[in-house]
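What follows is a structure written as structure tokens; I'll ask about it next.
The values are calculated or read from the model by the stated rules, or taken from the named source; none is laboratory data. Please read all numbers here as calculations on a predicted model, not as lab measurements. Note that we place each Cβ from the backbone using ideal geometry, even for glycine, and neighbour counts take in every protein chain shown. SASA here: full protein model, heavy atoms, side chains in, ligands and nucleic acids out. Shrake-Rupley method; radii C 1.70, N 1.55, O 1.52, S 1.80 Å.
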Amino acid sequence: MQFTALEFETDQILVAAARQVGRHAEIQHAFTIPMGDRDDAKVAEAIKSALAKHGLSRAETIVVVNRSSVEIREVSVPPAPDNELPDMVRMLARNEFASLNDNWLLDFVPLSNDSQAPRKVLATGLSPERHRQIIKIAEAAGINVKHIVLRPFASFDFLRPTLKAGKSSLIVDLAENQTDMIISHDLNVVATRTVRVPASEDTEQRIKSLVSEIKRTLASARGSLGDRNVNEIVVLGDTAADELLAERLREQLSVDVGFIKPFQLIQSAPKFKLPQHPAQYSALLGSLTQQISGNRHSIDYLNPRRPIVQKSDRQKLYLYGGSAIAATLLGLIFGWWTLSSQATELAQLDTKLLRSIEKNKGDSKQPGVEQVIGEVGKIDEWKQSDINWLDELFEYSERFLTPDDAIVDSFDAGSRRDQPQIIVRSRMAGGEIESAVVNSLDSRPYQVLPNKWGESDDDPSYPTSVDLNVLLSVDRSDVIKQIDVKAAAFLKQQMEARRNSVPQQ
């Protein structure tokens with residue numbers, strides 16, 4: 001049986017295909033499909049043509065989405081068994097995610113197993129817009145998507161058999177323009193972050209940037225690991241530069257560092273040829289091996305964790321069924337008697353209900369329910385789209401340079417003329433760092449405007465003074481239209497439900 005995995009990147013689509021040999025995967029194809037500035041229809045046509053060329057049109061398909069396409073939050077829940085976690089996580093996740101609703105695809109991994117103590121899970125959501133785009137392209141390309149998985153978790157699934165139980169690990173999954181850093185403990189993912197290091201940088205500069213990001217990840221990992229230390233670092237790469245990165249980590253950090261080439265962990269067909277940049281296929285290989293081995297994907301948006309229906313023996317089933325039937329018959333008799341004796345009251349209630357529905361439409365003296373719901377919805381929508389400065393401060397600190405390279409003297413955040421912005425005054429260790437901080441911030445929806453670059457004699461360790469004006473992009477152009485549509489649909493649904501609930505005389 002054949003399986004195909006696709007990963008959508010900014011300028012290309014990664015494709016890998018494998019077939020089942022016993023309970024193992026044998027990789028047959030690995031290639032890229034250039035995208036450029038194509039629209040969804042042209043992307044679908046390109047996928048359809050490429051899959052047909054390699055004889056993969058009928059293969060079951062797994063789609064891998066990267067970290068930037070989803071939201072991830074750590075959610076705390078009360079003591080509960082595993083079977084009750086799915087419902088509890090979805091309910092509590094509404095308070096943790098900025099825009100989660102019933103249309104989002106949600107899945108999670110437990111971070112603790114003690115059902116008698118408060119529990120934590122790592123929950124992740126895929127927006128309905130991104131889901132619809134994936135399905136639209138897949139249907140136009142003639143492929144059947146069975147699973148949608150998350151890149152860092154798929155890479156971890158691929159590497160899990162090589163890790164040791166009880167250890168804390170940092171996995172550095174190198175791709176062409178982005179690197180996933182995955183923190184795990186006892187064979188479970190506890191945190192993940194993605195950093196972008198342009199492939200255009202020279203080798204030394206790229207290694208220096210990655211080492212700095214890895215140190216930053218190790219410093220922040222103690223919170224996710226419960227004050228444990230990382231025991232090992234595993235670098236997933238393929239090039240000589242990737243091996244050099246592993247060697248630099250061994251020199252600078254007092255921790256075991258391993259280097260693994262992804263395609264060495266999977267059996268390949270006799271005529272298989274390695275693709276360009278093999279390291280970026282680790283998530284695709286992980287999703288294929290997990291599917292073929294019959295194991296559940298750690299994160300699967302189309303097949304999320306759900307409560308397991310407990311089976312009962314036949315004797316108990318008969319007993320409970322008989323009790324339920326007896327209770328139902330008694331209820332029907334009581335209901336018939338009640339309805340017969342209260343026919344007049346029900347007719348009066350029916351009349352009052354119809355009058356209330358007409359009143360809810362509003363008149364010249366008072367607004368209708370539709371108008372009130374619309375106005376309240378606008379306020380709620382505005383609050384959801386407002387800037388959360390704590391989140392922006394956290395994101396900024398994650399992307400800014402380490403104290404070895406820069407010191408922040410002041411950080412001012414606010415809105416001026418409806419434009420959210422951050423003003424930062426800092427000092428840096430050298431001029432070559434200036435572009436690094438701007439590039440790091442530009443990867444977010446920021447517009448970085450350097451107000452001042454200058455020399456400072458106050459501190460010889462940080463001779464460059466920098467003033468940055470960081471503008472945040474907030475697009476609210478479609479908020480009002482969306483509110484009108486949602487409010488109208490909600491009001492119509494409520495009116496229909498009320499009419500249907502009135503017994504017919």
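Taking LYS136 and the conditions (1) free of Cβ contacts under 8 Å to residues at least 60 places away in the same chain; (2) open to solvent by 60 Å² or more (accessible area, probe 1.4 Å); (3) part of a helix (DSSP H, G or I), which numbered condition does it fall short on, given that it satisfies the others?
(1)
Please verify whether segment 201-218 includes one or more residues that are under 22 Å from ARG67 (Cβ atoms), surrounded by fewer than 17 Cβ atoms within 10 Å (Cβ to Cβ), aliphatic (A, V, I, L, M) and at pLDDT below 90.
no
Can you name the number of the only condition in (1) touching a strand residue (DSSP E or B) at 6+ places or on another chain (Cβ under 6 Å); (2) assigned to a helix (DSSP H, G or I) that THR328 fails?
(1)
Quick check on this structure: which one of SER323, SER312, SER298, SER356 is at pLDDT 85 or above and either part of a helix (DSSP H, G or I) or open to solvent by less than 80 Å² (accessible area, probe 1.4 Å) (or both)?
Values: SER323 fails: at pLDDT 85 or above; SER312 fails: at pLDDT 85 or above; SER356 fails: at pLDDT 85 or above.
Within the list SER323, SER312, SER298, SER356, the selection yields SER298.
Mind checking which residues of segment 169-185 are small (Gly, Ala, Ser) and touching a helix residue (DSSP H, G or I) at 6+ places or on another chain (Cβ under 8 Å)?
As a first pass, look at segment 169-185 and keep what is small (Gly, Ala, Ser): 169, 175, 184.
The answer is ALA175, SER184.
Which of the following residues is open to solvent by less than 20 Å² (accessible area, probe 1.4 Å), in contact with a Pro (Cβ under 9 Å, 6 or more places away or on another chain) and farther than 25 Å from ASN295 by Cβ: ILE13, ILE33? If you could, list the steps in order and put the result at the bottom.
Numbers: ILE33 fails: in contact with a Pro (Cβ under 9 Å, 6 or more places away or on another chain).
Going through ILE13, ILE33 in turn, just one is open to solvent by less than 20 Å² (accessible area, probe 1.4 Å), in contact with a Pro (Cβ under 9 Å, 6 or more places away or on another chain) and farther than 25 Å from ASN295 by Cβ: ILE13.
Can you give me the number of residues within segment 177-189 that are open to solvent by 40 Å² or more (accessible area, probe 1.4 Å) and acidic (Asp, Glu)?
Step one: of segment 177-189, the residues open to solvent by 40 Å² or more (accessible area, probe 1.4 Å) are 177, 185-188.
Narrowing the set further to residues that are acidic (Asp, Glu) leaves 186.
Within segment 177-189, residues that are open to solvent by 40 Å² or more (accessible area, probe 1.4 Å) and acidic (Asp, Glu) number 1.
Taking segment 116-133, which residues are open to solvent by 30 Å² or more (accessible area, probe 1.4 Å) and either in contact with a strand residue (DSSP E or B) (Cβ under 9 Å, 6 or more places away or on another chain) or touching a residue at least 40 places away in the same chain (Cβ under 8 Å) (or both)?
Selection gives PRO118, LYS120, ARG130, HIS131, GLN133.
Which of the strands (runs of 3 or more DSSP E) contained wholly in segment 1-80 include at least 2 residues that are out of contact with any Leu (no Cβ under 9 Å at 6 or more places or on another chain)? Reasoning before the result, please.
Working: elements: 2-8, 12-21, 24-34, 60-65, 70-77.
In segment 1-80, 12-21, 24-34 are the strands (runs of 3 or more DSSP E) which contain 2 or more residues that are out of contact with any Leu (no Cβ under 9 Å at 6 or more places or on another chain).
Could you list all residues from segment 91-115 that are open to solvent by less than 90 Å² (accessible area, probe 1.4 Å), within 19 Å of the chain's Cα centre (by Cα) and over 21 Å from VAL65 (Cα atoms)?
Listed by number, the residues that qualify are LEU92, GLU96, LEU111.
Return yes when ALA50 is open to solvent by 30 Å² or more (accessible area, probe 1.4 Å) and among the aliphatic types (A, V, I, L, M) and no when it is not.
Working: open to solvent by 30 Å² or more (accessible area, probe 1.4 Å): no; among the aliphatic types (A, V, I, L, M): yes.
Answer is no for this residue.
Just name the residue that is least open to solvent (accessible area, probe 1.4 Å) out of those in segment 405-424 that are at pLDDT below 75 and either among the charged types (D, E, K, R) or at positive phi (or both).
Step one: of segment 405-424, the residues at pLDDT below 75 are 415-419.
Filter once more, so that each one left must be either among the charged types (D, E, K, R) or at positive phi (or both): 416-418.
Values: ARG416: 117, ARG417: 233, ASP418: 143 Å².
Within segment 405-424, the match that is least open to solvent (accessible area, probe 1.4 Å) is ARG416.
Which residues, counting only those in segment 253-275, are open to solvent by 60 Å² or more (accessible area, probe 1.4 Å), more than 22 Å from THR289 (Cα to Cα) and either touching a Cys at 6+ places or on another chain (Cβ under 8 Å) or not in a loop (DSSP other than H, G, I, E, B) (or both)?
Listed by number, the list holds a single entry, ASP256.
Okay, next question. What number of residues within segment 190-200 satisfy the criterion of being in contact (Cβ under 8 Å) with a residue 24 or more places away in the chain and surrounded by 14 or more Cβ atoms within 10 Å (Cβ to Cβ)? Steps first, please.
Going through segment 190-200, the residues in contact (Cβ under 8 Å) with a residue 24 or more places away in the chain turn out to be 190-194, 196, 198.
Filter once more, so that each one left must be surrounded by 14 or more Cβ atoms within 10 Å (Cβ to Cβ): 190-194, 196.
Selection size over segment 190-200: 6.
Can you run down the residue pairs with Cβ atoms below 6 Å, 6 or more apart or on separate chains, where the first is in segment 42-57 and among the polar types (S, T, N, Q) and the partner is open to solvent by less than 20 Å² (accessible area, probe 1.4 Å)?
Between residues of segment 42-57 that are among the polar types (S, T, N, Q) and residues that are open to solvent by less than 20 Å² (accessible area, probe 1.4 Å), the close pairs are SER57/LEU51.
Are any of the residues in segment 472-482 surrounded by 15 or more Cβ atoms within 10 Å (Cβ to Cβ), modelled with pLDDT of 70 or more and within 30 Å of LYS215 (Cα to Cα)?
Yes, segment 472-482 has at least one match.
What pairs can you find where one residue is in segment 237-252 and buried (at least 16 other Cβ atoms within 10 Å of the Cβ), the other is of a type in the set (Phe, Trp, Tyr) and not in a helix (DSSP H, G or I), and their Cβ atoms are less than 7 Å apart, with a gap of 6+ or different chains?
The qualifying pairs are GLY237/PHE259; ALA246/PHE259.
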